[in-house]
Every structure is written in C-alpha cells, then in structure tokens.
Amino acid sequence: MSRLPVIVGFGGYNAAGRSSFHHGFRRTVIESLPSAERQETLAGLAVLMKLVQVEHDQYVGDEGQVLTPADIESRFGQQILDGTLVRRIEKRYLDVDAAHWQKNLTITGEAGKPFSFITLAKQLPEPLPTDWVIENLNDTEVMVTVYDGCDIKVDSYRALPVKSAGQLPSGFEPGEQYASRFHPRGLQMTIVAATDALRSTGIAWETIVDRVQPDEIAVFASSAMSQLDENSFGGLMQSRLKGNRVSAKQLALGLNSMPADFINAYILGSVGTTGAISGACASFLYNLQKATEMITSGRARVVLVGNGEAPITQECIEGYGAMGALATEEGLRSIEGKDDVDFRRASRPFSQNCGFTLAESSQFFMLMDDELAMQLGADIHGAVPDVFVNADGFKKSISAPGPGNYLTMSKSINSAMQILGEEAVRQRSFIHAHGSSTPANRVTESELLDRVAEAFGMHELPLTAVKAFVGHSLASASADQLASALGTFKYQIVPGIKTIDAVADDVFQQNLRINTQDLARADNPLEVCFINSKGFGGNNASAVVLAPTVVDRMLRKRYGETAFADYLARREQTRSAAQAYDQRALKGQLDIIYNFGQNMIDDQQIEITQEQIRVPGFSQPLVFRKDDRFGDMI
C-alpha cells in the first residue's frame with residue numbers, strides 16, 4: 001500500500017501577490033469573483049503595496065481615515081491592478097530606458113604628442129604601463145604623462161529592447177520583512193514564501209516535528225539561475241571589474257542550493273533529507289518528483305518543496321534577449337500594429353507573440369503522507385500522486401523543444417486514468433500548459449498536447465497558462481502553475497488567457513479548449529490537473545494533481561467513515577488557525593520566521609546507540625530501519 005502525498009499548505013509571492021489562501025489566484029480571475037472576495041484580496045494587496053496602513057486592526061488611509069475594503073477598491077483599485085501582474089519594469093530593478101554599461105575609449109595626444117592628467121597615487125594601475133611617466137605632486141596626487149595613448153572604459157547608458165517583466169507587487173520588498181542583511185533577493189523571497197507556506201497549514205511546526213522522526217522531514221528547493229544580484233554571483237563576478245572587493249558572502253549565497261539551505265538553517269531547523277534539483281524551467285517539478293517519491297516510499301513523512309527565483313537583472317535580461325527568447329518592445333509593437341505598446345500584454349501564450357517575459361517568484365508547498373495528515377487534522381488542498389520527467393534524446397539545438405514531453409504528458413494522463421478512471425479524466429480534467437509565449441512553443445506544445453489528448457480520447461480539454469499573468473519565473477514557473485491549479489479546484493474557475501485577443505492560426509486545438517475569458521466549471525467540477533513544464537536542454541516534466549474532493553473520497557475509502565469523521569472534526573480547528581493567519585497577513589502581519597543562530601544543536605549532546613540516534617530538540621529518536629533489500633543475495 002503506497003502513501004499518498006497530499007498538499008496541506010502552500011504559499012509564496014509572485015506578480016499576483018501572496019499565494020496562500022488563493023489570493024494570487026484571485027488576482028488572476030478578479031473579474032469573475034464575488035465583490036466580498038475581490039475586495040478582500042485588493043485590500044490585502046493594498047497593505048502589501050504600502051498604499052494603506054493598518055492601525056488597531058483597521059485599514060487606514062494617509063490622512064488617518066478608516067477605510068473599508070469597499071473604500072480601498074474605490075480609491076486604490078486601479079492602482080493595485082496596475083501595480084501587479086506583468087508590466088513595465090520598474091526603476092527599483094533598473095532603468096530600462098537608461099541601462100548602465102561601459103564603452104571602450106582609446107585616448108591619444110594631439111598629433112601623437114604625449115598628454116598628461118592628474119590622479120590619486122593609490123589609483124595607479126599595477127604594474128604601470130611602460131609608456132607612463134609619474135611625477136609626485138603631493139602626498140596623495142600624481143601627474144601622469146602618457147606617451148603612446150591608452151584605453152579606458154567610460155560610463156554609458158542605453159535603452160534595453162526588453163522592457164517588461166513579472167514583478168512582485170509595486171512597493172512590496174521582501175527584504176523589509178525580516179533582518180535580511182546582505183541576502184540576495186532570491187533568498188529574501190525564499191524566506192517570506194516558505195514562511196507563508198508553513199503558516200498556511202494552520203498547524204504549528206513544533207506539533208508536526210513531534211509526530212515524526214528527525215530524518216522523516218525533507219526539503220527540496222533550488223533556483224535555476226542561482227542568485228545573480230550584487231549580494232551574490234552578480235557581485236562576485238563584477239566586483240573587481242568595478243574596482244570593488246569581493247565579499248565573503250557573495251560566492252556562498254550565490255549557490256543554487258541556497259533556497260533549501262536557508263529553509264533548513266533559518267526556518268525549519270531540519271536535520272532531514274535536503275536537496276536542490278535543477279532542470280532549467282522544469283526545476284520545480286524535478287524537486288516535486290523527489291518530494292513525492294520520498295513520501296510514497298515512506299522515507300519521508302513531511303516535505304517542504306519549492307523554488308526561489310529572482311532573475312530581473314540586466315544580465316539575465318540581456319542574456320535571454322541575446323538568444324531572441326524575450327518579448328521586446330519592437331516585437332510587441334509589430335504584433336499590436338501601433339506605436340503605443342501595452343507591456344501588460346507582453347506575455348501572450350498560444351497567440352501572436354514574440355518571446356517570453358521574465359518574472360520573479362518564490363512558491364512553496366507542504367506535503368505530508370495521507371496518514372499523518374489524517375492524524376494531525378491537516379487541511380488538504382490536493383494531492384500529487386505522480387510526477388514524470390523525460391529528456392529529449394539527441395539534439396541539435398540545446399534550447400529547442402523535443403520528444404521527451406510526449407512521454408511525460410502521456411504517462412501523466414495514463415496515471416490519472418488508472419487512479420480515477422477514463423471517464424473522469426476525459427470529462428473533469430484540465431491542463432496548465434507551460435505556455436511560455438514564444439512562437440515555437442505555441443506550435444510545438446499545442447501540437448503535443450492536442451495529439452496526446454486525441455490518443456486518450458479527450459476532447460474539449462480545457463487549457464490555461466498562468467504565465468499570461470505572472471510571466472515566466474524559470475525554476476518557479478511550474479510552482480506558479482500548481483498554485484493556480486489549486487485555486488481552480490477551490491473556485492472551479494479556469495483562468496482565461498486574457499492577454500490575448502485570439503488563438504494564433506498555427507496553434508493545434510482540435511482537442512483543446514483555449515479560452516480568452518475565465519471558464520466557470522461549477523456545473524461539472526474539475527477533479528484533476530496536468531501541470532506541464534518544458535525547459536532548455538531537454539528538461540521535460542509533467543505532474544498529476546488531484547482535487548481535494550477526490551482526495552476526500554480516497555481517504556474515506558482507505559480509513560473508513562468513522563475515522564474520516566474524526567479527521568473532519570480535527571480539521572475544523574486547523575482551518576480556524578489557518579484563517580487566523582490569513583486575516584493577520586491581509587493586514588500586513590506576515591509573521592516571518594527567521595531563526596538566525598537560534599536553538600542550535602550541540603553535537604556533543606547527540607546520543608548514539610546501535611538501534612537509534614537521539615538528536616537534541618527532537619522528541620522522537622531516529623530509529624535505524626531494518627534493511628532487507630538484499631536479503632536474497634546474502
């Protein structure tokens with residue numbers, strides 16, 4: 001009997017805002033929400049974006065007046081909408097109209113004559129060029145005479161062709177939420193996102209730890225691009241060229257394993273399994289596969305899995321831009337046929353498009369085995385029974401799509417049909433497509449999805465692509481998709497691809513249903529989602545996600561009605577605690593967990609016997625398991 005990996009908490013931040021309790025999803029379908037839920041999400045965003053304050057548990061405007069959620073929508077609604085999702089890159093990242101770079105300049109004297117300049121002695125290069133003559137002017141300054149000329153670099157500024165990105169809500173800075181000294185932005189986002197996921201469970205972490213052995217906890221998280229700002233690899237590579245020193249932190253904090261390391265060291269205090277698996281744009285699903293395998297095999301009972309990615313840097317933009325992969329201002333102008341470009345529609349999956357849109361995002365999901373979730377009364381948001389990964393075989397272009405995705409999607413649909421039955425999957429499933437918004441992807445991915453759907457007798461299969469709203473966050477991209485899928489299960493709304501007017505003529509859609517407006521499915525509730533992801537290098541992954549209603553039926557069958565009724569009673573308390581956190585978070589109390597140097601384990605206090613290990617701070621011992629894997633060989 002295999003254990004079922006169930007999702008008992010999730011959270012994070014991307015261009016749609018906070019993901020827990022489906023607020024990020026609500027932002028993407030805000031036109032389809034009842035007024036109360038719409039206003040609640042807008043109010044939470046207003047606090048996050050520093051448009052309103054909270055005093056004595058009430059929303060307050062700049063002049064001290066008390067505001068209701070309806071007041072906030074009326075006064076700030078449009079500003080909130082404009083400051084979220086994909087949009088023109090804000091100057092807090094860089095000035096896309098005047099991006100800094102350096103020009104090489106060759107200097108010689110008039111008619112080949114020597115020339116002189118004054119500088120500080122400490123600024124002289126080592127060793128001195130052979131044609132330089134130095135004259136000391138005082139204790140600090142020297143006169144330099146140059147005979148043959150020299151090359152220098154001078155500051156210059158130019159407009160970037162790419163001007164749009166999926167950015168965190170305007171005004172929200174994750175580093176302001178805790179003592180984030182010298183932390184790269186990707187790790188700042190990891191701390192606040194992992195906290196959000198943990199708080200969303202409604203169960204104290206200490207309670208969970210007390211129910212499992214120390215090595216039955218696992219964390220899998222990574223960043224495909226590592227950390228690239230000035231506090232990490234960016235600063236490491238640039239420091240000497242800019243005349244600065246390399247810091248002791250830049251290299252270590254730049255590693256792509258740091259999201260997992262930060263969670264273990266500063267949030268969970270875990271001594272269990274850890275890993276940082278990278279698969280380009282499919283990295284989240286690679287980590288999720290490891291998480292599900294650990295739970296189904298019984299090697300872990302609790303896993304926190306996710307990614308943190310912060311690629312809105314000039315270097316990333318220019319790197320992907322040099323490949324022709326990103327949507328440019330000129331490309332969008334050509335598509336729209338007008339000079340005034342709408343950067344909010346830069347990401348255009350399955351329509352006329354010209355490249356993908358970079359984005360930042362950090363998303364995390366708490367998974368448990370079904371038995372532990374039942375015991376703790378955890379609120380279950382879905383389950384992930386399978387994640388499939390396949391490569392492309394021999395390739396000519398390392399970045400081009402290939403056949404591996406046919407394998408992952410086919411295995412996912414087959415898996416779902418074995419669990420739910422063919423009719424349920426055909427009638428009550430949908431796809432969260434990779435939908436990167438490149439001309440090649442719209443053809444190749446739609447063709448493979450259409451062909452696979454036909455092979456399994458699936459017609460009018462709903463398809464959506466969250467990158468239309470939040471952009472392409474690379475390692476976190478499929479985590480954005482999963483968070484959105486959970487929102488669809490909750491509200492039975494499939495987000496329409498609202499950044500496009502029509503599906504492109506070369507898109508395959510004989511068996512697919514691609515909507516430009518939100519699709520309501522309350523009359524025939526969806527029960528399974530297929531998350532599809534494609535990454536450079538042939539990194540293909542697809543996941544099967546079951547709706548909470550399906551999981552409830554499965555738990556009833558496995559444990560019986562009496563045990564399930566007891567679970568439901570325990571779940572009410574969990575939901576109450578989770579909702580209390582949500583209400584605090586809506587008013588800016590994010591309760592960030594950052595335990596720097598606290599509760600450190602004294603390894604001298606570890607107790608070791610031949611049967612078990614006791615680790616200080618953990619109520620249960622690590623009991624060595626009987627290993628009979630090779631009994632037939634010994």
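Taken along its principal axes, the alpha carbon cloud of the stretch 413-470 reaches lengths of 34, 22, 18 Å, longest axis first. Averaging the Cα positions of each part gives two centres, and for the stretch 372-417 and the stretch 470-528 these lie 17 Å apart. Between amide H atoms placed 1.01 Å from N, distances below 5 Å from I277 occur with A221, all of them 5 or more places distant or on a separate chain. Across the stretch 96-252, the convex hull enclosing all Cα atoms gives 219 Å³ per residue. One decimal place: the segment S399-I118 gains 96.1 nm when fully extended, by the rule 0.36 nm per residue minus the C-alpha distance. Overall dimensions of the stretch 498-565, expressed as equivalent-ellipsoid semi-axes from the Cα gyration tensor (√(5λ), whole Å, largest first), are 34, 19, 9.
Checked against a 27 Å cut-off, the cross-linked pairs K290/K467; K163/K290; K290/K498; K498/K534; K411/K467 give Cα-Cα distances beyond that limit for K163/K290; K290/K498. The phi torsions of the stretch 453-470, fed into the Karplus equation with coefficients 6.51, -1.76 and 1.60 and a -60° offset, translate into couplings of 4, 5, 4, 9, x, 9, 10, 6, 6, x, 10, 9, 8, 5, 4, 4, 9, 10 Hz, rounded to whole numbers, with Gly and Pro shown as x.
Computed from point charges on the beta carbon alone (+1 for Lys and Arg, -1 for Asp and Glu), the dipole magnitude for the chain about its Cα centre is near 800 Debye.
Just the number, please: percent antiparallel of the DSSP beta bridges in the chain, rounded to the nearest 5. About 75 percent, rounded to the nearest 5. For the stretch 215-349, the direction-averaged projected area of the alpha-carbon convex hull comes to 11.1 nm². F182 contributes about 130 Å² of solvent-accessible surface, heavy atoms of the protein only, 1.4 Å probe. Stretched out straight at 0.36 nm per residue, the stretch from V133 to D95 would grow longer than its current Cα-Cα span by 9.6 nm. The angle between the Cα long axis of helix 548-559 and the main principal axis of the chain comes to about 50°, on a 0 to 90 degree scale. Rounded to the nearest 10 degrees, the inclination of helix 185-200 to the longest alpha-carbon principal axis of the chain is 20 degrees. Computed over the alpha-carbon atoms, the stretch 481-532 gives an Rg to Rh ratio of 0.98, Rh here being the Kirkwood radius from the mean inverse distance. Just so you know, the Rg over Rh for the stretch 127-177 is 1.36, from Cα atoms, with Rh as the Kirkwood radius. Diffusion coefficient (Stokes-Einstein, Kirkwood radius over C-alpha pairs, 25 °C, 0.890 mPa s) for the stretch 371-469: 158 µm²/s, rounded to a whole number. Distance from the Cα centroid of the stretch 62-118 to that of the stretch 244-289 is 30 Å (rounded to whole angstrom). Between R570 and D523, residue separation times 0.36 nm minus the direct Cα-Cα distance comes to 13.9 nm. How tilted is helix 35-48 with respect to the longest principal axis of the chain? Cα atoms for both, answer in degrees (0 to 90, nearest 10). Orientation of helix 35-48: about 40 degrees from the principal axis. Along the axis of the charge dipole computed for the chain (Cβ charges of +1 for Lys and Arg, -1 for Asp and Glu, origin at the Cα centre), the listed residues A16, A265, G279 are led at the positive end by G279. Straight-line cross-link partners of K113 among the aspartates and glutamates, defined as a Cα under 13 Å from its Cα and at least 8 positions apart when in the same chain: D131, D148. First select every other residue whose beta carbon is under 10 angstrom from the beta carbon of R199; then total the charges, Lys and Arg +1, Asp and Glu -1. Around R199, the charge tally is -2.
On the principal axes of its alpha-carbon atoms, the chain has extents of 96, 69, 68 Å, going from largest to smallest.
For the stretch 286-422, the Stokes-Einstein estimate of translational diffusion at 20 °C and a viscosity of 1.002 mPa s comes to 114 µm²/s, using the Kirkwood hydrodynamic radius over alpha-carbon pairs.
Computed over protein heavy atoms with a 1.4 angstrom probe, the accessible surface ordering of K396, K242, K498, largest first, is K396, K242, K498.
Value of Rg to Rh for the stretch 498-634, rounded to two decimals, is 1.10; Kirkwood radius and Rg both from alpha-carbon coordinates.
Helix-only arithmetic for the chain: the sum of -39500 (n - 2.57) across DSSP H runs with n ≥ 4, divided by the residue total, places the mean residue ellipticity at 222 nm at -10000 deg cm²/dmol. Work through the residues other than N104 whose Cβ is under 9 Å from its Cβ and net out their charges, Lys, Arg +1 and Asp, Glu -1. Net of charged neighbours comes to +1. Partners of K122 within straight-line reach, counting lysines whose Cα lies under 23 Å from its Cα and excluding those fewer than 8 residues away in the same chain: K153, K242.
Mean projected area of the convex hull spanned by the Cα atoms of the stretch 1-97, taken over all viewing directions: 9.8 nm². The figure for Y93 is an accessible area of roughly 50 square angstrom, using a 1.4 Å probe on the protein chains alone.
The values are calculated or read from the model by the stated rules, or taken from the named source; none is laboratory data. Predicted model only: the values in this text are computed from it and were never measured. Neighbour counts run over all protein chains shown; Cβ positions are idealised from the backbone, glycine included. Just so you know, the surface numbers come from the protein's heavy atoms only, side chains and all, with ligands and any DNA or RNA stripped out. Shrake-Rupley method; radii C 1.70, N 1.55, O 1.52, S 1.80 Å.
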